[in-house]
Amino acid sequence: MMTTLVAARISVSPGRVGAVINRNVGALRSGPSYWVVLISGFFEPLLYLLSIGVGVGALVGDLTFDGQTMSYAAFVAPAMLAVSAMSGALAETTFNFFFKLKYMKTFEAVLATPVRPFEIAVGELVWAVIRGSLYTAIFLGFMVAMGLTTVAGALAAFPATVLVGLAFGAVGMWVSTLMRGWQDFDLLGTGQFALFLFSGTFSPVQNYPVGVEILIQLTPLYHAVELVRALCTGIVGPGILVNIAYLAVMGVGGLWLASRRVEKMLCL
Amino acid sequence: MADQSLISARGLVKRFGDFTAVDGIDLEVAPGEAFGFLGPNGAGKSSTMRMIGCVSTPTAGELRILGMDPVRDGTRIRARLGVCPQLDNLDPDLSVRENLTTYARYFGVSRAEARRRADELLEFVQLSDRANGKVEPLSGGMKRRLTIARAMVNEPDLVLLDEPTTGLDPQARHLVWERLFRLKQRGTTLVLTTHYMDEAEQLCDRLVVMDGGKIVAEGSPRALIENYSTAEVVELRFADGLDSNAQYAAKLDGIGERVDPLPDRVLLYADDGDAAVAEVHRRGLSPASVLVRRSTLEDVFLHLTGRTLVD
Ligand SMILES: Nc1ncnc2c1ncn2[C@@H]1O[C@H](COP(=O)(O)OP(=O)(O)OP(=O)(O)O)[C@@H](O)[C@H]1O
Ligand SMILES: [Mg+2]
C-alpha cells in the first residue's frame, strides 16, 4: 500500500513535466529583465576566474595537487565551474521559484490542471538545470580555450555539472518552500557565499587544520568541486563515487521534500 | 442515482485545524445542470469548490466527481474540469494568448490545437484585440474574462466558477452570462458561486444556500422563492422619524406573513401586496413612500442567512 502510494506520487508524465518547462520558456521571452539576470549569473564565476585564478595565480605560481603540478588557474577553474553550476540552478529554484510559489500564484493555477506537485518540482528543476548548463557549457568552452582543461576533460566534466545543478537546484527548491519572505534570502545568500569561499575552491582543503577540513568535507559544494575538478584535471580516484553519491542524495531528497512542501502549502 | 451524478457528496466536511469551514453537506449535480452556491462571506463556498476541483482533500465524508474518487483519481478528474478560481491567477510573465496556450499544454493539448483553441476562446470572450498584449494592463473585467476563457481551454465536461462576475461592470457581466449560457446550451455542466441574486436567477437551474458551512436551503430559484418568501414584498418608508422602524413594525404586526424592519425601511412580506397596503392605511399609518414588488431571491437569501452583515 505504502509503495503504491509512493509510486503514484512520483510517477511523472513527461508531457506534463514538459508543459511546466514550456511555461518557463514562454516567460523567458517576456522581457529583458530576465536576460539581465541570466547574463549576470554567468559573468560572476568568470570574473572570479580571471581575477583570482589568473591574477592571484600569477603571484602564487604553480601548485601541486594530488602529486601533479598545475597552474593555479587550472586548479581554480573547475571550482568556478562547479560554483557556476550551483548558482545557475539555485538562482532559478530559489528566487524565481519562490516568486512563482508565493506571489505569482503560478503553481496554484497549474495544480488545478492534471499536473501534480511532483511534476511541478521535476519540471522546475529540469528547467533550472538547463539554465545552469548553459552557463557551464560556455564556461567549459572558455576553459578549453584558455588551456585550463582538455576537450576530453570538458566532455567528462559536463555531465558532472549537470549532477551538481540537479543536487543544488533540488535542495534550493526545498529551502525556498521554507522561506518566510525575502529577508530569508539574505541568509541563503550568505550561506552560499560561505560555501563558495570554503569548499576547496581557492586552496586545497588539506591546507586547513584537520577539524576544519572534516567540516568542509561534510558540506555540499566541496563534493561538487572535488568531482568536477577530478574530471577536469583527469586526476580521478575512487573518491568521486562518494561525491556522486552525496550529490545524488541531495537531488533526490531535495526533490521529494520540495514536492511534499508544495503540496502541503497549496493543496489545503 | 448517484452513478449518473457528475458531483455527488455525502456528509462532506472540510476543517482547517479545529475550524470547520464545510460542515457535512450533501450534494448531487446532474450532467448538463447549472448549479449555484449562494451564501454570505465565509459560508464555505470556495472551500467546497476547491474540494470539487480536487485541489483540496476532504477532511471527512464522501465525494465523487465524474464518478471517480478525487484522492485517487485527481489527475484524471482535473483533466476534465475547467476551473475559474475566486481570485485571478493569470501568469503576468506571459501574453494574453500565451496564458491560454501554455495552460492548454498542461492538459496535453498539442501546440497547434492549443493555438487554435486560444484564438477561438479569445474571440468568445472578446479579447482578440489584446491577444499579444500583456496581462497586467488588462482591466479587472478583462482579466476575469481571460480566466474564464482559460477554464475552457481543455473543453471541460464540468466548469467550476467561483464568483465569475464579481467586480465586472454591467456590460461585462451580461457578456459573461451570455457566454456561460451558451456553454450550458452545449451541454457543459456549470457549478458556480455568486453573491448576485440576479446572476443566480439567470443562470442556475438549481441552487443551494450555504451558511456557516451548512446547506440551509436547496431548490430552483422559483421554488426557493415560493418556499421561503411570499409572492410579493411591500417596502414602506416612514418620513416623520418620530418612531423607529421597529416601533412601526410593531404597529404593522399581523399584516402579511412577516414584517421586517430595516434601518431605512420596513418590509412587509405578503402574497397580496395591495391588500397589505390597504391594511396599513386602515391602521392609520401613512408611510411617505410605498413600493409593491415581486419577491426575489435576495429576500430569500436575507431571510435565510440573517441580516447581521447587511444591516
Ligand atoms: N486555508 C485556510 N486556512 C484556514 N481557514 C480557511 C482557509 N480557507 C478558508 N478558511 C476559512 O473557511 C471559511 C470559509 O471560507 P470560504 O473561502 O470557503 O468562504 P466563501 O463562502 O467562499 O466566502 P466568500 O464569499 O467570502 O468568498 C472562512 O472562515 C475562512 O476563513
Ligand atoms: Mg469564496
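The values are calculated or read from the model by the stated rules, or taken from the named source; none is laboratory data. Bear in mind the structure is a predicted one, so any value in this text is a computation, not a measurement. Here the Cβ positions follow ideal geometry from the backbone for every residue, glycine too, while neighbour counts run over all protein chains shown. For the accessible areas, the whole protein counts, side chains as well, though only heavy atoms, and no ligand, DNA or RNA atoms are used. Shrake-Rupley method; radii C 1.70, N 1.55, O 1.52, S 1.80 Å.
With angles folded into 0 to 90 degrees, how steeply does helix B:111-124 sit against the dominant principal axis of chain B? Use alpha carbons for both and round to 10.
Rounded to the nearest ten degrees, it is 20.
At 0.36 nm per residue, minus the direct Cα-Cα distance, what do B:PHE19 and B:ASP129 gain on full extension? Give it in nm, one decimal, please. Please report the intermediate quantities before stating the final value.
On the way: separation 110, 0.36 × 110 = 39.60 nm, distance 4.60 nm.
Contour length minus Cα-Cα distance gives 35.0 nm.
Please tell me the relative contact order of chain A in percent, rounded to the nearest whole number, where contacts are Cα pairs under 8 Å and at least six residues apart. Each step should come with its number before you reach the end.
Details: 318 pairs, mean separation 65.3, N = 268.
The normalised contact order for chain A reaches 24 percent.
Quick query: amide H of B:ALA34 versus all other amide H atoms, modeled in the peptide plane; which residues come in under 5 Å with a sequence gap of 5 or more or a different chain?
Long-range HN contacts for B:ALA34: B:LEU190, B:ASP205, B:ARG206.
Between A:ALA137 and B:ASP205, what's the calculated FRET efficiency when r is the beta-carbon distance and R0 is 56 Å? Round to 0.05. Write out the running numbers ahead of the final one.
Numbers: r = 59 Å, r/R0 = 1.06.
E between A:ALA137 and B:ASP205, to the nearest 0.05, is 0.40.
Rank-order A:163-174, A:113-124, A:146-157 by packing density, defined as the average count of other C-beta atoms within 10 Å over each peptide's residues, highest first. Numbers along the way, then the final one.
Values: A:163-174: 28.3, A:113-124: 25.2, A:146-157: 17.6.
Top of the packing list down: A:163-174, A:113-124, A:146-157.
For chain A, take the longest principal axis of its alpha carbons; what is the angle in degrees between that and the long axis of helix A:72-91, to the nearest 10 within 0 to 90?
10
Roughly how big is the B-A contact, given as buried accessible area in Å² (both sides, 1.4 Å probe, nearest 100)? Intermediate values should be presented prior to the final figure.
Values: alone 14890 and 12610 Å², together 25440 Å².
So the total buried area for this chain pair works out to about 2100 Å².
Would you mind computing, in nm to one decimal, how far apart the modelled labels at A:VAL56 and A:PHE193 are, each placed 7 Å from Cα along Cα→Cβ?
Between A:VAL56 and A:PHE193, the simple spin-label model gives 1.5 nm.
Over the heavy atoms of A:HIS223, what accessible area does a 1.4 Å probe trace out, to the nearest 10 Å²?
10
How large is the translational diffusion coefficient of chain A in µm² per second when you combine the Kirkwood radius over alpha carbon pairs with Stokes-Einstein at 25 °C and 0.890 mPa s? Don't skip to the answer; put the middle values down first.
Numbers: Rh = 19.2 Å.
Approximately 128 µm²/s, per Stokes-Einstein.
Mind checking the per residue accessible area of chain A for me, 1.4 Å probe, whole number of Å²?
Working: 11590 Å² over 268 residues.
Result: 43 Å² of accessible area for each residue.
Return, for the Cα atoms of chain B, the radius of gyration and Dmax in Å, separated by a comma.
Rg and Dmax of chain B, Cα atoms, are 22.7, 75 Å.
Per 10 Å bin, what percent of the C-alpha pairs of the protein assembly as shown does each bin hold, from zero upward?
Once binned at 10 Å, the Cα pair distances of the protein assembly as shown give 3, 15, 20, 18, 15, 11, 8, 5, 3, 2, 0, 0.
Helix A:32-48 sits at what angle to the longest principal axis of chain A, using alpha carbons and giving 0 to 90 degrees rounded to 10?
Approximately 30 degrees, to the nearest ten.
Considering protein heavy atoms only and a 1.4 Å probe radius, which residues within segment A:114-141 exhibit an accessible-area decrease of no less than 50 Å² in the full assembly relative to the chain by itself?
A:PRO114
I'm a student and want to see the number: the projected area of the Cα convex hull of segment B:17-109, averaged over all directions, in nm².
With the hull built on Cα positions only, its mean projection is 8.0 nm².
Other chains near B:97-108: what is the mean number of their Cβ atoms within 10 Å of each residue's Cβ? Before the final figure, lay out the partial values.
On the way: counts 0, 6, 3, 0, 2, 10, 6, 2, 11, 15, 6, 7.
The shielding value for this peptide is 6.
Calculate, for B:ARG116 and A:SER40, the FRET efficiency according to 1/(1 + (r/R0)^6) with r their C-beta to C-beta distance and R0 45 Å; round to the nearest 0.05.
Working: r = 39 Å, r/R0 = 0.87.
The calculated FRET efficiency here is 0.70.
What is the Å³ per residue value for the convex hull set by the Cα atoms of segment A:130-268?
On the way: hull volume 17.6 nm³, N = 139.
Per residue, the Cα convex hull of segment A:130-268 comes to 127 Å³.
So if I take the centroid of the Cα atoms in segment B:203-268 and the same for segment B:162-185, what is the distance between those two points in Å?
Their Cα centres are 27 Å away from one another.
Could you work out the local net charge near B:LEU297, counting Lys and Arg as +1, Asp and Glu as -1, over the other residues with Cβ closer than 10 Å to its Cβ? Write down the numbers at each step before the final one.
On the way: positive: B:ARG222; negative: B:ASP198, B:GLU199, B:GLU201, B:GLU298, B:ASP299.
My count for the surroundings of B:LEU297 gives -4.
Quick one: ranking A:ASP186, B:ASP91 by accessible area, 1.4 Å probe, largest first, what do you get?
On the way: A:ASP186 110, B:ASP91 15 Å².
Output order, biggest surface exposure first: A:ASP186, B:ASP91.
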